[in-house]
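> This is the structure, below, for whatever I ask next.
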Amino acid sequence: MTAPANPADYRAIWEAKPVLRAVYRDWYERMVSHCLPGRTLEIGGGSGNLKAFAPDVVSTDVLPADWLDTVCDAQRLPFADGSFDNIVMLDVLHHLERPVRFFDEASRVLKPGGRIVMLEPGITPVSHIFYRSFHPEPVDMAVDPYVDGPIDPDKDPYDSNQAIPTLLFGKPHDRQAFERRFEGLAAIRTERLALLIYPLSGGFRTWSLVPAGMVRPLNGLERLLVPVLGWLAAFRLLIVVESRC
Ligand SMILES: C[S@@+](CC[C@H](N)C(=O)[O-])C[C@H]1O[C@@H](n2cnc3c(N)ncnc32)[C@H](O)[C@@H]1O
């Protein structure tokens, strides 16, 4: 089965699949742990699940859904300068047509010292093979993630390039290039995570090879293994960017 096509389909799978909720619980907890006290904006909220873990977030997406607070494009945010302490997004950066526009906007709407907390696909030798072979979204490591240009109003919000977060933040020299391009932003943390549990869970597919009850103990094991194996086999990247403006 291919990936679902809209937030309502994602929500239906979320509600029917306990193992997915167990995997995401760990991710949401990690993301929230990097947020500062104060106002949090969620971008690309999709099926709206973060609210179960952080009820006060202002949840937005470019596609409308009943459970969202606002419909807006990450590349043209309808918020005043310095409105938020945090911006959080899970699996959104790699869907943006012009990531540079988003970071300019994020820099504007964040308060000084505010944070962007992102959890995204991470490309490693093992995850690259898996994503290329079994995942419907492309991985194109040859693109320039800094290219700017017009925004296509007809772009499918689910079009993507899973390589974008790794190209921007994967290696120390990538983070230095990011900080040269966005002088007011600093990549203060990048963390590889998710070895086998995530691919075995099937993500938003209807199948899973892991029972929900095994997710917590396996997560503990993965945390021990990631420092050794993360560079080789992690599937995910947690990125924290801080506004220095
Ligand atoms: C893979 S889904 C992730 C949804 C949710 N964060 C989750 O993890 O379940 C990507 C989301 O990004 C949204 N998106 C894509 N382009 C966007 C844009 N330019 N501005 C805001 N949201 C966008 C899509 O509509 C979609 O809901």
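> If we scan region 218-235, do we find a residue that is within 16 Å of the ligand (Cβ to nearest atom), in a strand (DSSP E or B) and at pLDDT 95 or above? Show your work before the answer.
Restricting attention to region 218-235, the residues satisfying the condition of being within 16 Å of the ligand (Cβ to nearest atom) are 235.
Those left that are additionally in a strand (DSSP E or B): none.
The answer is no; no qualifying residue exists.
> Report, by residue number, each residue of region 77-113 that is more than 13 Å from the ligand (Cβ to nearest atom), touching an Asp or Glu at 6+ places or on another chain (Cβ under 8 Å) and in a strand (DSSP E or B).
Hits for region 77-113 are Leu110, Lys111, Gly113.
> For Val19, state whether it is more than 12 Å from the ligand (Cβ to nearest atom), surrounded by 14 or more Cβ atoms within 10 Å (Cβ to Cβ) and either among the β-branched types (Val, Ile, Thr) or over 29 Å from Leu200 (Cβ atoms) (or both).
On the way: more than 12 Å from the ligand (Cβ to nearest atom): yes; surrounded by 14 or more Cβ atoms within 10 Å (Cβ to Cβ): yes; either among the β-branched types (Val, Ile, Thr) or over 29 Å from Leu200 (Cβ atoms) (or both): yes.
The answer is yes for Val19.
> Something else now. Given Ile116, Ile123, which one is in a strand (DSSP E or B), more than 12 Å from the ligand (Cβ to nearest atom) and not acidic (Asp, Glu)?
Numbers: Ile123 fails: in a strand (DSSP E or B).
Answer to the check: Ile116.
> I would also like to ask the following. Gly46 passes all but one of (1) closer than 30 Å to Val143 by Cα; (2) modelled with pLDDT under 95; (3) more than 9 Å from the ligand (Cβ to nearest atom); which number fails?
(3)
> If you check Val139 against the conditions, is it surrounded by 14 or more Cβ atoms within 10 Å (Cβ to Cβ), part of a loop (DSSP other than H, G, I, E, B), of a type in the set (A, V, I, L, M) and within 16 Å of the ligand (Cβ to nearest atom)?
Working: surrounded by 14 or more Cβ atoms within 10 Å (Cβ to Cβ): yes; part of a loop (DSSP other than H, G, I, E, B): yes; of a type in the set (A, V, I, L, M): yes; within 16 Å of the ligand (Cβ to nearest atom): yes.
Considered against the rule, which asks whether it is surrounded by 14 or more Cβ atoms within 10 Å (Cβ to Cβ), part of a loop (DSSP other than H, G, I, E, B), of a type in the set (A, V, I, L, M) and within 16 Å of the ligand (Cβ to nearest atom), Val139 comes out as yes.
> List every residue pair whose Cβ atoms sit under 7 Å apart, with the two residues 6 or more apart in sequence or on different chains, where the first one lies in region 15-33 and is under 18 Å from Ile87 (Cβ atoms) and the second, anywhere, is of a type in the set (Gly, Ala, Ser).
Listed pairs, sorted by first residue: Val32/Ala54.
> Within region 49-58, can you find the residues that are more than 9 Å from the ligand (Cβ to nearest atom) and either part of a helix (DSSP H, G or I) or within 18 Å of the chain's Cα centre (by Cα) (or both)?
Within region 49-58, Lys51, Ala52, Phe53, Ala54, Val57, Val58 qualify.
> Sort out which residues of region 53-76 are touching a Gly at 6+ places or on another chain (Cβ under 9 Å) and of a type in the set (D, E, K, R), and write them in order of number.
Within region 53-76, Asp61, Asp66, Asp69 qualify.
> Right, something else. Looking at region 162-197, which of the residues that are charged (D, E, K, R) and more than 18 Å from the chain's Cα centre (by Cα) is surrounded by the fewest Cβ atoms within 10 Å (Cβ to Cβ)? Spell out the reasoning first.
To start, the set of residues in region 162-197 that are charged (D, E, K, R) comprises 171, 174-175, 179-181, 183, 189, 191-192.
With more than 18 Å from the chain's Cα centre (by Cα) added as a condition, the list becomes 179-181, 183.
Values: Glu179: 15, Arg180: 8, Arg181: 14, Glu183: 10.
The qualifying residue surrounded by the fewest Cβ atoms within 10 Å (Cβ to Cβ) is Arg180.
> In region 166-187, what residues are touching a residue at least 60 places away in the same chain (Cβ under 8 Å) and assigned to a strand (DSSP E or B)?
Listed by number, the list holds a single entry, Leu185.
> Confirm whether Trp67 is in a loop (DSSP other than H, G, I, E, B) and within 12 Å of the ligand (Cβ to nearest atom). Explain how you work it out, then say what you get.
Working: in a loop (DSSP other than H, G, I, E, B): yes; within 12 Å of the ligand (Cβ to nearest atom): yes.
Taking the combined requirement at face value, the residue satisfies it.
The values are calculated or read from the model by the stated rules, or taken from the named source; none is laboratory data. What you are looking at is a predicted structure, and each value in this text was computed from that prediction instead of being measured. All Cβ positions, even for glycine, are placed from backbone atoms using ideal geometry, and neighbour counts span all protein chains on display.
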